[in-house]
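Asks: One structure is given below, represented as structure tokens, and several questions about it will come after.
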Amino acid sequence: MHTTTGGRSGVGGSAALLVLLVGQAMANIDLAIVNLAVPAISTDLDVGSSELTLIVTAYALCSAVLLAPAARLGERQGVRRVYLWGLTLFTFASVVCGLATSAAVLIAGRCLQGAATALMISQVLVGIHRWFTGPARARALGWNVLTLSGGAALGQVLGGTIVSADLLGTGWRAVFLLNVPIGVVILALGLFLLPHDRPATTPGRGDNDIPGTVLLAATTLAVLIPLSLERPDWIWVLLAAAVPLAVQFIRTERRVIARNGTPALDLRPLSATTVRWSLASYAGTTLTYIAMLYLLSLHLQQQLGLPAWQAGLVPLGWVLAFGLAGPAFARSPQALTRFLPFIGCAMLTVTYALASFVPAGAGTAIWPLTAVLCIGGFGLGINHTSLLNLLTATVSPRYAGTLSGTVNTLSTVVGVTGVALFGAAYSWFSRSDWAGSATAWVLTCAGLALIAGLCSFAALRAIATAPDSPADPDATADATVAPTTVFSTKENTGHTTPAD
């Protein structure tokens, strides 16, 4: 049973959430910010296109492979401990990247950053799941969703600005070195503000599912490598291998569960119909959002002729509207809250459809397109916030690590997939004689609208199959977890207190 460990107030809960979300923001910003620094890195270090690709993709690849094991590690060692390990490693890796004198050192630093990111962000959803309840959890999830979306967009804006500013003559290196003072400050705050939640017992050596962990990593890499790296064509054999690897992974995990072991990724909570439909809607909308950010950068600069700094500002309207979704969700009537996953998908569908026809360009005001994107940003925000709230209400805190690992790994995989597929489609349509860049934008937006429409159906199925009452944390909590602090909010007063 969850109990309190000290008289933490609402301020304590907000401070703990802030520490978690700053780490989440740093990780997301670094995923996007390097894209804008690539030209400067190429000139300074004299690296080829294959090495540049690895500099960009090594981060996401290492992170994706380690997300699920890192979430499991947090369950065993405690959210606080693993998060601070990750933050420490991320800060050190940023120093390595910022001082790199060769492509090999920079790639190694990016791999370390990816591993550190997995340790950090895998703990965010677990911490929210364990430490918050009721409306306090809904607000925490809203801020988390804002951080996920805003970090990627902010990375695009900051990348070009920081490199162009050439801070203290550091050029592209400032993109990494600025993480160091921020990381040190957040690490110090985390030592004082994050609740202690160390497990009461330590699993035995035989409790480690090494085959499952290896198969999960192999399956993830088999999907991401063909989509991330420049090919030889034989690399697509890896993508074909992902299917049998995934089948073998599922079989292995079922055997581990059957003998009462601890699987690398516990599939039991994923068997619930509500969870499957919720994850399908979440994955589809994430794919369209990441793909849209990439397509916008191509459309605004290549077709509309906007300068890089102005093109980077356009998605900010999306992010600002996204920020309104969390508070709106927390204050929405219960009767409306149930249908927010569908409403958010419907708003996304309308946004993608309108974006293809809204006039914009160097000689035309960009505000109409920005206004349309605001509709999509708000829709994505309420969709993701409500879906995460539905998932955490349906899945017992006992499986918080499984939920975190699944959501984060799924987000990474579909994000890379969306950019690869829609980026390739946009380039092919743009080069074709019958289409051109203007038609390419219309067709890719139509594809995004189609996927968002399918996500609307998935959201409706999730709503229809949702349980009448949330999972009972006391009835299903894992007995190996020590007492931890739970933050809740009283419905009538709005005053945040530790839960009884």
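Asks: Within the stretch 53-81, count every residue that is of a type in the set (S, T, N, Q) and either touching an Asp or Glu at 6+ places or on another chain (Cβ under 9 Å) or open to solvent by 30 Å² or more (accessible area, probe 1.4 Å) (or both). Even if it seems obvious, please write down each step before you answer.
Replies: Quick first cut of the stretch 53-81, residues of a type in the set (S, T, N, Q) only: 53, 57, 63, 77.
Imposing the further condition that a residue be either touching an Asp or Glu at 6+ places or on another chain (Cβ under 9 Å) or open to solvent by 30 Å² or more (accessible area, probe 1.4 Å) (or both) reduces the set to 53, 77.
The number of residues fulfilling the criteria is 2.
Asks: While we're here: For the stretch 82-90, does any single residue satisfy the condition of being at pLDDT 80 or above, farther than 23 Å from PRO263 by Cβ, of a type in the set (Val, Ile, Thr) and surrounded by fewer than 19 Cβ atoms within 10 Å (Cβ to Cβ)?
Replies: Looking only at the stretch 82-90, we keep the residues that are at pLDDT 80 or above, and these are 82-90.
Next cut, farther than 23 Å from PRO263 by Cβ only: 84, 87-90.
When the remaining residues are screened for being of a type in the set (Val, Ile, Thr), the result is 88.
From the residues that got through so far, the ones that are surrounded by fewer than 19 Cβ atoms within 10 Å (Cβ to Cβ) too are 88.
Yes, because at least one residue in the stretch 82-90 is at pLDDT 80 or above, farther than 23 Å from PRO263 by Cβ, of a type in the set (Val, Ile, Thr) and surrounded by fewer than 19 Cβ atoms within 10 Å (Cβ to Cβ).
Asks: Quick one: would you say VAL22 is outside any helix (DSSP H, G or I) and open to solvent by 10 Å² or more (accessible area, probe 1.4 Å)?
Replies: No, not satisfied.
Asks: Sticking with this one: Take the residues of the stretch 305-350 that are over 20 Å from LEU448 (Cα atoms), assigned to a loop (DSSP other than H, G, I, E, B) and in contact with a helix residue (DSSP H, G or I) (Cβ under 9 Å, 6 or more places away or on another chain): which is modelled with the highest pLDDT?
Replies: PHE339
Asks: Go through (1) over 16 Å from the mean Cα position of the chain (by Cα); (2) in a helix (DSSP H, G or I); (3) within 21 Å of GLY155 (Cβ to Cβ) one by one and return the number of the condition VAL105 breaks.
Replies: So VAL105 meets the others, but not (3).
Asks: Answer yes or no as to whether MET292 is touching a Pro at 6+ places or on another chain (Cβ under 9 Å) and either over 28 Å from LEU421 (Cα atoms) or surrounded by 19 or more Cβ atoms within 10 Å (Cβ to Cβ) (or both).
Replies: yes
Residues are listed down the side, and each one gets a yes or a no for (1) over 19 Å from the mean Cα position of the chain (by Cα); (2) open to solvent by less than 30 Å² (accessible area, probe 1.4 Å); (3) on the phi < 0 side of the Ramachandran plot:
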residue: ILE382; (1), (2), (3): no, yes, yes
residue: THR392; (1), (2), (3): no, yes, yes
residue: PRO397; (1), (2), (3): yes, yes, yes
residue: THR402; (1), (2), (3): no, yes, yes
residue: LEU410; (1), (2), (3): no, no, yes
residue: VAL414; (1), (2), (3): no, yes, yes
residue: GLY423; (1), (2), (3): yes, yes, yes
residue: PHE429; (1), (2), (3): yes, no, yes
residue: ASP433; (1), (2), (3): yes, no, yes
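Asks: Taking SER50, is it at pLDDT below 75, closer than 21 Å to GLY190 by Cα and either small (Gly, Ala, Ser) or surrounded by 23 or more Cβ atoms within 10 Å (Cβ to Cβ) (or both)?
Replies: It is false that SER50 is at pLDDT below 75, closer than 21 Å to GLY190 by Cα and either small (Gly, Ala, Ser) or surrounded by 23 or more Cβ atoms within 10 Å (Cβ to Cβ) (or both).
Asks: Does PRO368 satisfy being buried (at least 21 other Cβ atoms within 10 Å of the Cβ) and either closer than 23 Å to GLY317 by Cβ or touching an Asp or Glu at 6+ places or on another chain (Cβ under 9 Å) (or both)?
Replies: no
Asks: Ok, one more. Select from the stretch 206-234 the residues that are surrounded by 14 or more Cβ atoms within 10 Å (Cβ to Cβ) and either in contact with a Lys or Arg (Cβ under 8 Å, 6 or more places away or on another chain) or at pLDDT below 70 (or both) and list them in ascending order.
Replies: The answer is ASN208, SER228, LEU229.
Asks: Consider CYS97 carefully, then state whether it is of a type outside the set (Gly, Ala, Ser) and either more than 22 Å from the chain's Cα centre (by Cα) or crowded, with 22+ Cβ neighbours inside 10 Å (or both).
Replies: So CYS97 fits the description; yes.
Asks: Now for a separate question. Output the residues belonging to the stretch 371-380 that are of a type in the set (Gly, Ala, Ser) and surrounded by fewer than 22 Cβ atoms within 10 Å (Cβ to Cβ). Before you say what the answer is, go through the steps one by one.
Replies: From the stretch 371-380, those of a type in the set (Gly, Ala, Ser) are 371, 376-377, 379; that's our starting set.
Result: ALA371, single match.
Asks: For the condition farther than 19 Å from LEU390 by Cα and at pLDDT 80 or above, what is the one hit in GLY114, GLY127?
Replies: Checking each option against the conditions leaves just GLY114.
Asks: On the given criteria, is ARG173 open to solvent by 10 Å² or more (accessible area, probe 1.4 Å), among the basic types (Lys, Arg), in a helix (DSSP H, G or I) and modelled with pLDDT under 80? Walk me through it before giving the result.
Replies: Working: open to solvent by 10 Å² or more (accessible area, probe 1.4 Å): yes; among the basic types (Lys, Arg): yes; in a helix (DSSP H, G or I): yes; modelled with pLDDT under 80: no.
Judged against the criteria, ARG173 is not a match.
Asks: Something else about it: Among the residues that make up the stretch 78-85, is at least one of them of a type outside the set (A, V, I, L, M) and assigned to a loop (DSSP other than H, G, I, E, B)?
Replies: yes
The values are calculated or read from the model by the stated rules, or taken from the named source; none is laboratory data. The structure presented is a predicted model; accordingly, all values stated were derived computationally and were not measured. For neighbour counting, all protein chains shown are included, and Cβ atoms are generated from backbone atoms with ideal geometry for every residue, glycine included. The area values use the complete protein model at the heavy-atom level, side chains included, leaving out ligands, DNA and RNA. Shrake-Rupley method; radii C 1.70, N 1.55, O 1.52, S 1.80 Å.
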